[in-house]
Amino acid sequence: MVNRLIKRGKSCIYIGKLSSVYSVAICTEQQGDLQGRQCTPDGGAIVVAGQGGNVYMLLGAHMSIAGGVYHAPYHGKNATCDTVQIFTKQSNQWRAKPLTDEDVERFLTAQKETGVTVSCAHNSYLINLASPNEELYEKSYGSMKQEIERCDMLKVPVIVMHPGSHVGSGEEAGLKRIANALNRIFSSLPDSTTVVLLETTSGQGSNLGYKFEQLAAIIDMIEDKKRIGVCLDSCHIFSAGYPLQSPKDYRATMKQFNEIIGLKRLRIIHFNDSKKPFGERKDRHEHIGKGEMGLEPFRHIMNDRRLNRVPKILETPKGDDLKEDIENLKVLRSLITKA
Ligand SMILES: [Zn+2]
Ligand SMILES: [Zn+2]
């Protein structure tokens, strides 16, 4: 299903849910509306061969919503992003100002004007659906539900969440609580279209999600499986001890991911290098190629055709002029091996 079509000069981009799985911009002769139309990417979008036609590989970064959610696509455009990730509210506060119709309108217009899509939201860091503390658990439940409702309003297709920390209650108990909370949220929001993505984590402290099996265990307990997916963070899996350096290592790690979770559940990739060494279970993001990971893992991912349709988002440090994002995106685009 195609939600809407954007035309930018000679280029054409579909934004929306092309299937129940992906939110991507795509350019393909097979798509009726585009028959015979020339599709030239601008704004740095890269056309790569994908199943069922050429695909604009969506690359971007997390963008600030200071001053209003509609700012994010404009920042994205300035930083040569094809797509961006946002918080739908201030990430360090429980409270959220309700979204008005005008907020939503401006947000959708911003995407149309810039051609920069918002492919995902990220939930607040305060939320812990694994918490053994009843009060915090209920607060997290309410807050997560509200964030999903905000995504529905803003037509953001997926929301990435850190699974949560068990805080001493044990991994199994934590995983169960996460699944229970999500099942409760899903059944209380039967018409929601937002898919929740569990993010792979580095496993700092009692954070869950540092093993593919843990995410699979949560997914297994979810009743409505079309509402759950996964976000893979390159820095996190590296620091959690999944090797990505050599082609052989990369293939083995992705094979594990595919067998345990399933590539079809992978909806967003977070692109971060790691300040901390392999396997240390410390979550510190570094610029692409400047950290302990180096460029090779990113080269493998950028050239993995199975992942062409998965939007790839930077969460690396940056200043107001976004020059670090521009540089990181340039580096990533340069890694694509021309066919
Ligand atoms: Zn991340
Ligand atoms: Zn991180």
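The values are calculated or read from the model by the stated rules, or taken from the named source; none is laboratory data. Bear in mind the structure is a predicted one, so any value in this text is a computation, not a measurement. Glycine also receives a Cβ, built like all others from the backbone with ideal geometry; neighbour counts cover every protein chain displayed.
Could you list all residues from segment 130-142 that are of a type in the set (S, T, N, Q) and farther than 11 Å from Ala181 by Cα?
Answer for segment 130-142, where residues must be of a type in the set (S, T, N, Q) and farther than 11 Å from Ala181 by Cα: just Asn133.
Does any residue in segment 174-193 that is at negative phi come within less than 6 Å, Cβ to Cβ, of a residue that is basic (Lys, Arg) six or more places away or on a different chain, and which pairs are these?
Pairs found: Ile185/Lys145; Phe186/Arg227.
More than 16 Å from ligand 2 (Cβ to nearest atom) and charged (D, E, K, R): is that true of Asp220 in this structure?
Yes: the conditions hold for Asp220.
Would you say Phe212 is more than 16 Å from ligand 2 (Cβ to nearest atom) and buried (at least 19 other Cβ atoms within 10 Å of the Cβ)?
Considered against the rule, which asks whether it is more than 16 Å from ligand 2 (Cβ to nearest atom) and buried (at least 19 other Cβ atoms within 10 Å of the Cβ), Phe212 comes out as yes.
Of all residues in segment 308-322, which are within 16 Å of ligand 2 (Cβ to nearest atom) and either crowded, with 19+ Cβ neighbours inside 10 Å or assigned to a strand (DSSP E or B) (or both)?
Listed by number, the residues that qualify are Lys312, Ile313, Leu314, Thr316, Lys318.
Does segment 323-339 hold any residues that are in a loop (DSSP other than H, G, I, E, B) and either in contact (Cβ under 8 Å) with a residue 24 or more places away in the chain or among the acidic types (Asp, Glu) (or both), and which are they?
Those that are in a loop (DSSP other than H, G, I, E, B) and either in contact (Cβ under 8 Å) with a residue 24 or more places away in the chain or among the acidic types (Asp, Glu) (or both): Leu335, Ile336, Thr337, Ala339.
Report the residue count in segment 224-268 for those that are buried (at least 19 other Cβ atoms within 10 Å of the Cβ) and within 16 Å of ligand 2 (Cβ to nearest atom).
Counting residues in segment 224-268 that are buried (at least 19 other Cβ atoms within 10 Å of the Cβ) and within 16 Å of ligand 2 (Cβ to nearest atom) gives 14.
Would you say Asn123 is touching an Asp or Glu at 6+ places or on another chain (Cβ under 7 Å) and at pLDDT 95 or above?
Numbers: touching an Asp or Glu at 6+ places or on another chain (Cβ under 7 Å): yes; at pLDDT 95 or above: yes.
Yes.
May I ask you to list pairs of residues, at least six apart or on different chains, whose Cβ atoms are under 7 Å apart, with the first in segment 71-87 being closer than 20 Å to Ser124 by Cα and among the hydrophobic types (A, V, I, L, M, F, W, C) and the second being part of a loop (DSSP other than H, G, I, E, B) and modelled with pLDDT under 95?
From residues that are closer than 20 Å to Ser124 by Cα and among the hydrophobic types (A, V, I, L, M, F, W, C), the pairs are Val84/Val116.
Mind checking which pairs have a first residue in segment 223-243 that is touching a residue at least 24 places away in the same chain (Cβ under 8 Å) and farther than 18 Å from Glu296 by Cα and a second that is in a helix (DSSP H, G or I) and within 14 Å of ligand 1 (Cβ to nearest atom), Cβ under 9 Å, 6 or more apart or different chains?
Val230/Leu215
Results for (1) buried (at least 18 other Cβ atoms within 10 Å of the Cβ); (2) away from ligand 1 (no atom under 16 Å from the Cβ); (3) free of Cβ contacts under 8 Å to residues at least 60 places away in the same chain; (4) not in a loop (DSSP other than H, G, I, E, B), shown as yes or no for each residue.
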| site | (1), (2), (3), (4) |
| --- | --- |
| Arg281 | no, no, no, no |
| Lys290 | no, yes, yes, no |
| Ile301 | yes, no, no, yes |
| Arg306 | no, yes, yes, yes |
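Report yes if Asp325 is among the acidic types (Asp, Glu) and surrounded by fewer than 16 Cβ atoms within 10 Å (Cβ to Cβ), otherwise no.
In short, no.
Considering (1) under 17 Å from the mean Cα position of the chain (by Cα); (2) within 16 Å of ligand 1 (Cβ to nearest atom); (3) under 20 Å from His122 (Cα atoms); (4) not basic (Lys, Arg), say which one Glu286 fails and leave the rest.
Unmet condition: (1).
In this structure, does Gly291 turn out to be among the small types (Gly, Ala, Ser), within 16 Å of ligand 2 (Cβ to nearest atom) and out of contact with any helix residue (DSSP H, G or I) (no Cβ under 7 Å at 6 or more places or on another chain)?
yes
In this structure, is Tyr250 under 26 Å from Asn303 (Cβ atoms), of a type in the set (Phe, Trp, Tyr), more than 18 Å from the chain's Cα centre (by Cα) and assigned to a helix (DSSP H, G or I)?
In short, yes.
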